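**Student:** Structure in structure tokens, see below.
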Amino acid sequence: MKPVIFLGTGDNNLQMPQRICELMGIPIAGTLDSDYFGNTDTVCGIKIIGSELTFDFEQEKDNYD
């Protein structure tokens with residue numbers, strides 16, 4: 001199963017989906033957020049893996065298997 005990548009770091013965007021993924025055994029690759037990328041490593045325990053403005057979805061899609 002491919003891991004989920006979240007967009008944004010709002011509490012509602014992360015907490016409930018994070019819990020659902022945990023309960024269903026879905027891995028989480030991280031989250032993308034231009035406001036936090038480079039400023040902190042994690043938000044709500046989820047790794048910041050880049051900015052949605054510069055993340056190359058096509059190139060990175062196979063890196064998160």
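**Student:** Counting only protein heavy atoms and a 1.4 Å probe, tell me what percentage of the stretch 1-40's accessible area is made up of carbon and sulfur.
**Tutor:** Its accessible area is 54 percent carbon and sulfur atoms.
**Student:** List, in order, the whole-Hz ³J(HN,Hα) value for each residue of the stretch 21-36 obtained from phi through the Karplus relation with A = 6.51, B = -1.76, C = 1.60 and θ = phi - 60°; use x for Gly and Pro.
**Tutor:** Listing the rounded values in order: 4, 4, 5, 9, x, 8, x, 10, 6, x, 10, 10, 7, 5, 6, 9 Hz.
**Student:** No solvent, one uniform scatterer per C-alpha: report log10 I(q)/I(0) for the chain via the Debye equation at q = 0.12, 0.13 1/Å, two decimals.
**Tutor:** Log10 of I(q)/I(0), two decimals: -0.27, -0.32.
**Student:** Once you charge only the Cβ atoms, +1 for Lys and Arg and -1 for Asp and Glu, what is the size of the charge dipole of the chain about its Cα centre, to the nearest 20 debye?
**Tutor:** It works out to roughly 260 debye.
**Student:** Of all DSSP beta bridges located in the chain, what percent are antiparallel, nearest 5?
**Tutor:** Counting DSSP beta bridges with both partners in the chain, the antiparallel share is about 25 percent.
The values are calculated or read from the model by the stated rules, or taken from the named source; none is laboratory data. Here the structure is a predicted model, which is why all the values come from computation and not from measurement. Quick reminder, even Gly has a Cβ in these numbers, built from the backbone with ideal geometry, and neighbours come from all protein chains shown. Protein only, heavy atoms only, side chains kept; ligands, DNA and RNA dropped before computing areas. Shrake-Rupley method; radii C 1.70, N 1.55, O 1.52, S 1.80 Å.
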